[in-house]
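These notes are about the structure you will find just below.
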Amino acid sequence: MAQNNDRLDKVVLDARRAADKRDAGYRAQALKLYPWVCGRCARTFTHANLQLLEVHHKNSDHNDNPPDGSNWELLCTYCHEHEHSKIKDGAGRTVGVDDLPVATFNPFADLKARLDAKLPLKDTPDTER
Ligand SMILES: [Zn+2]
Ligand SMILES: [Zn+2]
């Protein structure tokens, strides 16, 4: 279990870093302008976990980046996700749960079939003997 969570964390962090790189321009500006605090839950951030603090565009337009920061709001990744799940206008963030790779290999897929095949051995009626 712990391993799976570690792996998921890594996937999320990798996606986050890719987004960070793409958004480096306005993100760096916003982080200079505003204190490192989530605008919703007031969680505070340091260099150690700063990748979890994201720049939200108040009007949902990622291309609208006035230098005075009037369209930006710093949100932690959780509140940011929540904010966009409320908006649901399709113009939101591009990195989300939908982008995570899906496990396609299921080692247990035929487990039930195997168990079913074995069960009759135990229940073989005496009349067969
Ligand atoms: Zn938050
Ligand atoms: Zn946003």
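Where a number appears in this text, it was derived from the coordinates with a stated rule and is not lab data. Every value quoted in this text rests on a predicted model; they were computed, and no experiment measured them.
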Gain in span if fully extended, Asn49 to Tyr78, counting 0.36 nm per residue against the direct Cα distance | 9.1 nm
Which residues qualify? For Trp72, with a placed amide H closer than 5 Å and at least 5 residues away or on another chain, they are Lys58
